[in-house]
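What follows is a set of notes on a single structure, which appears directly below.
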Amino acid sequence: MPHDRAARLESGENSDILIDLMALLSILCYPDARLNKIARPVEAIDARLKALIGDMFETMYEAKGVGLAATQVDVHQRLVVIDVSETRDQPLTLINPELLWASDERLKGEEGCLSVPGIYDGVERAAQVRVRALDENGQSRQIEAEGFLAVCLQHEMDHLAGKVFVQYLSRLKQSRIKAKLCKQERQAQQETARQREPL
């Protein structure tokens, strides 16, 4: 896909058609060391950042995820996109998010991650959180969240701090997950190499 994200075509007197040209981004997979980088603050909300936000939503929806941090697509800026709605029509953009408060009440639920495909395990999180962030228009907002949205916010903000959810698990589980994902990666590479061989 070209890097120009939108092209305007004019046809007829009053019609103005906007075509979005969004790109699917590659998602880093654990144990890729780039997932451990700490994201730096976003300094400018410009056309490049808005294009990245659009690409991240597109990538997240295509991958059937509910959240994606810029770290996961190898962009080390404090940016997260989320949509936990059943209808997939309530996108939430968080630029430079900061955790203001987390409840003492904890809940343990099964988590998965687009960077750890096919792996799910129990992680304990705060049941409620308050987060402050900028939206895609640079407006400051506070989000009071509980339940699944609270978990999702904490999970994605962990990525910005260079942490993947499996790092909450025992060392034995982490080793098994690494081994499984490395094996899957080798198999995928072998399959790709086979497909490229001439007939």
Run the count for the chain, please: Lys pairs, Cα-Cα under 28 angstrom, 8 or more apart or on different chains. 25
Rounded accessible area per residue of the chain, 1.4 Å, Å²: 61
Provide the three semi-axes, in whole Å and in decreasing order, of the ellipsoid equivalent to the range 105-199 as defined by the square roots of 5 times the Cα gyration tensor eigenvalues. 34, 19, 10
Just want to confirm a number: the relative contact order over the range 19-76, from Cα pairs under 8 angstrom separated by 6+ residues, in percent. 53
What share of Cα pairs, in percent, lie more than 26 angstrom apart in the chain? 39
Restricting to DSSP H runs of at least four residues, report the calculated mean residue ellipticity at 222 nm for the chain, -39500 (n - 2.57) per run over all residues, nearest 500 deg cm²/dmol. -9500 deg cm²/dmol
Using 0.36 nm per residue, how much length does the chain from GLN195 to GLU146 gain when fully extended, once their Cα-Cα distance is taken away? 13.0 nm
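Share of the chain's accessible area from carbon and sulfur, percent, 1.4 Å?
48
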Hey, can you rank 112-118, 64-70 by average C-beta count inside 10 Å, highest first? 64-70, 112-118
Which percent of Cα pairs goes in each bin when the distances of the range 152-194 are cut into 5 angstrom slices starting at zero? 5, 20, 17, 16, 18, 13, 8, 2, 0
Cα-based Rg/(2.2 N^0.38 Å) for the range 20-121, rounded to two decimals, is 1.11
Output ordering of 34-40, 105-111 (per-residue mean of other Cβ within 10 Å, highest first) is 34-40, 105-111
Between GLN167 and GLU43, what is the label-point separation in nm under the 7 Å Cα-to-beta-carbon projection? 2.5
Run the numbers on the chain and let me know its relative contact order in percent, using alpha-carbon pairs under 8 Å that are six or more apart. 19
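The values are calculated or read from the model by the stated rules, or taken from the named source; none is laboratory data. Here the structure is a predicted model, which means the values were calculated and not measured. Glycine gets a Cβ as well: all are built from the backbone with ideal geometry, and neighbour counts include every protein chain shown. Accessible surface areas use protein heavy atoms only, side chains included; no ligands, DNA or RNA. Shrake-Rupley method; radii C 1.70, N 1.55, O 1.52, S 1.80 Å.
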